[in-house]
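Report on one structure; see the data block that follows.
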Amino acid sequence: MASRMIQEREAYRVEEEEEEEEDGDGEPEGWDDWNGDDDEGGSGSDFLCLFCDSKYSSCDSLFEHCTKVHYFDFHRIRKALSLDFYGSFKLINYIRSQVVDNKCWSCGLTFQSNKDLLNHLHDTVNLKDIKCLWDDERYLKPFIQDDSLLYSFDESEEIEDDEFTPINEEELIGDLKNSEEICDGDQNTVEKMVLNADDCNMSRVNGTTISVNDINSPSTSDKDLVNDKDSRGFVSSDDKNQEGRMISNSSSRLAKHIMKVNENYFGAYSSFGIHREMLSDEVRMDAYGTAILKNPSLLKGAVVMDVGCGTGILSLFAAQAGASRVIAIEASAKMAAVASKVASDNGLLRGKNQSQADGLQKGVMEVVQGMVEEVDKKVELQPHSVDVLLSEWMGYCLLYESMLSSVLYARDRWLKPGGAILPDTATIFVAGFGKGGTSLPFWENVCSFDMSCIGKELVNDAAQFPIVDVLDSEDLVTNSVILQSFDLATMKPNEVDFTATATLEPMLNVTDAKHFDSETGCCWCYGVVLWFETGFTSRFCREAPAVLSTSPYTPKTHWSQTILTFREPIAMRSNIATGGKVAAVGTDVYPAAKIDLRVSIVRSTEHRSIDISLEAIGVGPDGRRRSWPPQLFSLQ
């Protein structure tokens with residue numbers, strides 16, 4: 001498809017610069033003159049997919065394919081944006097022009113291949129924000145000549161009112177507002193959904209349904225309607241009724257999906273096995289224990305909030321350290337009940353008239369079941385009244401699970417100015433790993449048999465998916481560098497998503513046969529590994545600062561490390577002369593002196609997941625550079 005579309009694209013660009021000509025017979029041909037039955041080809045598969053090479057016999061089957069496979073719901077988008085015929089015509093040509101450049105039509109990211117683009121395509125929530133992208137007269141000219149889809153898409157848009165499921169307005173608004181409170185990293189998205197739904201609801205009170213676009217639209221009461229549209233292209237009230245219901249139904253589905261993901265997420269933490277693993281993690285427990293129990297000036301008499309308390313262990317530490325009040329927040333109903341029982345069994349549950357004994361501050365801990373965003377509905381607590389904010393929020397690769405957004409919300413809502421947040425720093429590190437970090441060494445010798453073909457296939461598969469596993473420090477072949485640092489006391493919520501660069505250089509002492517090629521004197525870097533550290537710094541922990549590290553150089557933790565494998569290994573060597581050889585950088589003939597990385601980690605469209613993009617550029621000793629196609633990983 002790519003070659004065909006490139007040819008059409010060139011013709012399209014030339015055509016833009018020329019005046020539009022009439023047909024050879026001198027008679028202009030309008031849309032009404034075209035007859036779908038006069039198709040010269042007579043083929044049953046004339047409709048080419050907007051994104052891939054697939055062809056279909058009808059518009060309906062094509063759009064169904066785009067919805068299921070490419071996350072592009074043409075009918076929903078057309079209704080949500082009130083696109084008339086010409087607006088829809090522009091949208092189709094715009095998408096074709098983006099796909100030929102391997103560019104995402106909605107977010108604008110560019111990829112090395114159509115395959116990478118297809119793997120990236122995603123749902124689009126804020127459609128109105130991108131409508132302007134195709135609002136250009138040049139997209140009224142067909143990007144592909146004789147594009148059957150342009151001649152037929154309007155005929156498939158015959159949707160009756162009874163196809164839409166009636167919605168309970170009060171239930172919808174309630175669902176959306178609940179989703180606003182529980183949607184950690186998607187606050188802005190859900191707020192817009194609620195506002196749209198509220199606008200729709202208010203208009204129905206007055207007996208009409210109004211879309212957001214209607215605010216600036218002139219009335220059609222004094223115009224003649226043709227095909228349910230007035231002379232200026234505004235759709236009739238019946239179509240707008242459908243649009244309002246479409247937006248409400250779509251918003252409701254998204255909100256319910258987010259709620260379902262949250263239910264599954266918090267439900268997973270109802271397993272005692274997970275909590276036993278975390279409580280048995282000595283690195284984790286030592287760091288938090290030191291920070292809470294060995295800094296009396298911080299905790300003595302303090303009001304403490306623990307976000308995501310689980311079994312309540314950090315809250316118990318805080319009570320033991322002398323806190324005057326501990327608010328333990330837990331979204332899982334089961335674990336909230338467990339934490340309450342544990343606090344009660346240890347005489348620490350607030351409201352009990354118990355005497356102080358064994359040095360413990362009795363009756364200070366209260367467990368609130370629910371999201372941190374709804375605390376004020378369940379417990380009496382003034383804004384900015386918390387002295388210390390505790391949380392063990394970190395996920396794989398630090399940011400998986402998207403819980404940091406809830407911690408930052410709690411900080412901005414409840415923490416006093418100058419109050420302490422523990423931990424208060426977080427840092428992501430990156431390093432390159434060698435062959436020993438893959439499964440290749442195992443498969444190269446299985447009972448003296450060579451099964452390396454299996455290992456190579458596994459490595460190829462690993463280049464598509466992130467691997468969470470423990471990597472031995474001996475398998476690292478480059479230096480480790482800081483990729484990104486966060487100051488949790490000052491960072492903004494939108495800084496959770498980031499793009500950063502780093503430079504990796506080969507270790508000078510790599511001599512292990514697994515990584516070092518004695519003939520060429522180079523080592524092979526098979527990919528990069530990410531890990532994190534969180535700091536309980538002297539800013540708040542003056543008596544006893546602490547660090548929680550998930551590094552390959554320190555004892556292993558339940559977080560392990562996150563491994564991203566290159567599509568092909570990169571040869572590296574320090575201080576090598578080129579010798580006049582002409583070869584690609586990163587090969588054994590011309591090893592790279594360093595690797596420049598560009599890494600982006602963002603919250604995924606799949607709630608509580610993260611997407612990671614990885615770009616690698618090999619740099620030779622003489623400065624020559626070689627780049628590899630970007631790789632996309634989704635940690636779900």
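The values are calculated or read from the model by the stated rules, or taken from the named source; none is laboratory data. All figures in this text were calculated on a predicted structure; none of them were measured in a lab. Note that each Cβ is placed from the backbone with ideal geometry, even for glycine, and that neighbours are counted across all protein chains shown. Areas reflect the complete protein model, heavy atoms only, side chains present, ligands, DNA and RNA absent. Shrake-Rupley method; radii C 1.70, N 1.55, O 1.52, S 1.80 Å.
Listed values, structure above:
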{"read-out": "Those trypsin sites (Lys or Arg not before Pro) in segment 464-570 that DSSP places in a loop and that have at most 13 other beta carbons within 10 Å", "value": "Arg542"}
{"read-out": "Vicinal HN-Hα couplings computed from phi for segment 484-490 (Karplus, 6.51 cos²θ - 1.76 cosθ + 1.60; Hz; Gly/Pro x)", "value": "7, 10, 10, 9, 5, 7, 10"}
{"read-out": "Amide H contacts of Gln484 (H built 1.01 Å from N, under 5 Å, at least 5 apart or other chain)", "value": "Ile428"}
{"read-out": "Surface share of carbon and sulfur [accessible, 1.4 angstrom probe, percent] for segment 552-635", "value": "50 percent"}
{"read-out": "5 angstrom amide H check on Trp628, placed H, neighbours 5+ away", "value": "Ala616, Gly618"}
{"read-out": "Rounded to whole Hz, the Karplus (6.51, -1.76, 1.60) HN-Hα couplings of segment 391-397, x for glycine and proline", "value": "6, 10, 9, 6, x, 3, 6"}
{"read-out": "Using distinct alpha-carbon pairs, which all enter the 1/r mean, Kirkwood radius of segment 68-108 in Å", "value": "10.9 Å"}
{"read-out": "Accessible-area value, Trp524, 1.4 Å probe, nucleic acids and ligands omitted, Å²", "value": "70 Å²"}
{"read-out": "Euclidean distance between Cα centres, segment 51-98 to segment 375-433, Å", "value": "42 Å"}
{"read-out": "Whole-percent pair-distance distribution, where bins are 5 Å wide, for the alpha carbons of segment 551-636", "value": "3, 13, 19, 15, 15, 14, 10, 7, 3, 1, 0"}
{"read-out": "Highest average packing first - 318-325, 449-456, Cβ atoms within 10 Å", "value": "318-325, 449-456"}
{"read-out": "Mean accessible surface per residue for segment 433-562, computed with a 1.4 Å probe while every protein chain stays in place, in Å²", "value": "50 Å²"}
{"read-out": "Whole-Å semi-axes of the ellipsoid equivalent to segment 380-506 (Cα gyration tensor, √5λ, descending)", "value": "42, 15, 12"}
{"read-out": "5 angstrom amide H check on Val326, placed H, neighbours 5+ away", "value": "Val304, Met365, Glu366"}
{"read-out": "Within segment 588-610, backbone nitrogen closer than 13 Å to the virtual label 7 Å beyond the Cα of Gln112 toward Cβ", "value": "598"}
{"read-out": "Under Karplus coefficients 6.51, -1.76 and 1.60, residue-wise ³J(HN,Hα) of segment 402-413 in Hz, glycine/proline x", "value": "6, 7, 4, 4, 5, 5, 5, 4, 4, 4, 6, 8"}
